[in-house]
Amino acid sequence: MSEPVIGTDPRLRAALRRLDLRIVHRLEGLLHGEHLGLRLGPGSEAAEARLYRPGEDDVRRMDWAVTARTDTPHVRDLVADRELESWTLLDLSPSMDFGTGLRPKREVAVGALVAANLLTQRVGDRFGAHFLHRGTVRRWPARSGKEALLSLLATVAAAPTGDAEHPAAHQATLADACADLVRTRRRRGLRVVISDFLDTPVTGEPVPWERPLRLMASRNQVLVVEVIDPRELEVPPIGNVTLRDPRTGRVRQMRLTRTVSERYRRAAHAQREAIRAALRRCGVHHLVLRTDRDWVLDTARFVIHQRRTAHHLARHTPGTPR
């Protein structure tokens, strides 16, 4: 994974110039008619005072200070807030360094982070990031502009890969990282969670990250990007192999027979189905990117679908600007 891969890909540049990831949910910001406000109505930011018009204006918007000074009833107009605040949770755990396709999962995840930030940006919008790295949640402050995005990319590129030399006593999980994002970022906006979700149980146990993700989705529009490598879905029956768990460092000798490969395939697909079911219950948008596919093309298709959804909702939502 390196920064030039993202910055010099001509297909990515061309796709980002043409596409626009529309914000579908009502958020706290409204910028030049591009983002829907959190509440219906004119907005929540105080503007200039003007004369009160009986029968037209709401008396609850009366500006009593101006009214007292002029002895004439005045009301205070309201305008909508103008900025969208986006936060991305990027999983940089050791399993994200794995990859047998065209590129490692980590590179695809960084590409998704860049695409999400570029496709939602307008003048004044800010974006920040939380990283799950070596069992610790690290935070990158919200900023705006191209230079801030380049700085974010440099931060990700500088993050070491592999296991920590001295692991912390408590290793933060994806559920901990989601809960931290919910707790520390109160303003409504866009949230993007990028991970492989390999810590999801297969045996029907409760999904640990489901509750914090559901809380996140109750106040924000949430996009979940699931990064998959084909070798995580099935393994060939090639005989004796040495396997190493990238999260724990545990090494195990195994014999991959047809029976073992088939059991692995069923377990892997059951895990992915558990992930999809949990995400459906959370009510989030779900984008799947694979290391053996063109992730730029898959992102473009998802964005086009989002634009159609936003257009459909705008046509059927009273009072929505078009």
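Search the stretch 131-146 for residues being of a type in the set (D, E, K, R) and over 14 Å from V114 (Cβ atoms), and hand back the single one that is surrounded by the most Cβ atoms within 10 Å (Cβ to Cβ). So, considering only residues that are of a type in the set (D, E, K, R) and over 14 Å from V114 (Cβ atoms), the one surrounded by the most Cβ atoms within 10 Å (Cβ to Cβ) is R134.
In the set L223, L233, only one residue is at pLDDT 90 or above, in the same structural domain as S93 (by TED's automatic domain parsing) and surrounded by fewer than 17 Cβ atoms within 10 Å (Cβ to Cβ); that residue is L233.
Could you list all residues from the stretch 275-310 that are surrounded by fewer than 15 Cβ atoms within 10 Å (Cβ to Cβ) and in a loop (DSSP other than H, G, I, E, B)? Selection gives G283, D292, D294.
Give the residue that is nearest to the chain's Cα centre (by Cα), with candidates limited to residues of the stretch 186-205 that are farther than 19 Å from A116 by Cα and of a type in the set (D, E). My answer is D199. Just one of (1) over 20 Å from D91 (Cβ atoms); (2) touching a Gly at 6+ places or on another chain (Cβ under 8 Å) fails for K146. It is (2).
Taking the criterion of being of a type in the set (S, T, Y) and either under 16 Å from R138 (Cα atoms) or part of a strand (DSSP E or B) (or both), the only residue of the stretch 188-209 that qualifies is S195.
If you check F98, F131, F127 for being farther than 17 Å from V192 by Cβ and hydrophobic (A, V, I, L, M, F, W, C), only one passes: F98.
Residue-wise test of (1) in a loop (DSSP other than H, G, I, E, B); (2) of a type in the set (D, E).
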{"position": "R186", "(1), (2)": "yes, no"}
{"position": "G249", "(1), (2)": "yes, no"}
{"position": "R252", "(1), (2)": "no, no"}
{"position": "T259", "(1), (2)": "no, no"}
{"position": "E262", "(1), (2)": "no, yes"}
{"position": "E273", "(1), (2)": "no, yes"}
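Table: residues versus (1) crowded, with 17+ Cβ neighbours inside 10 Å; (2) acidic (D, E); (3) within 15 Å of the chain's Cα centre (by Cα).
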site: T184; (1), (2), (3): no, no, no
site: V207; (1), (2), (3): yes, no, no
site: R211; (1), (2), (3): no, no, no
site: R219; (1), (2), (3): yes, no, yes
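Taking the criterion of being closer than 30 Å to G135 by Cβ and either among the aliphatic types (A, V, I, L, M) or surrounded by fewer than 13 Cβ atoms within 10 Å (Cβ to Cβ) (or both), the residues of the stretch 246-255 that qualify are T248, G249, R250, V251, R252, Q253, M254.
Name the one entry in L102, L153, L113 that is at pLDDT below 90 and in a helix (DSSP H, G or I). The conditions single out L153. Can you pull out the residues in the stretch 116-143 that are in a loop (DSSP other than H, G, I, E, B) and free of Cβ contacts under 8 Å to residues at least 60 places away in the same chain? Listed by number, the residues that qualify are Q121, R134, G135. Anything in the stretch 66-92 that is of a type in the set (G, A, S) and either part of a strand (DSSP E or B) or at pLDDT below 90 (or both)? List them, or say none. Within the stretch 66-92, A80, S86 qualify. In the stretch 261-290, the residues that are at positive phi reach residues that are assigned to a strand (DSSP E or B) with C-beta atoms within less than 9 angstrom, at least six apart or across chains, in these pairs: G283/V222.
The values are calculated or read from the model by the stated rules, or taken from the named source; none is laboratory data. Computed from a predicted structure; not experimentally measured. Glycine also receives a Cβ, built like all others from the backbone with ideal geometry; neighbour counts cover every protein chain displayed.
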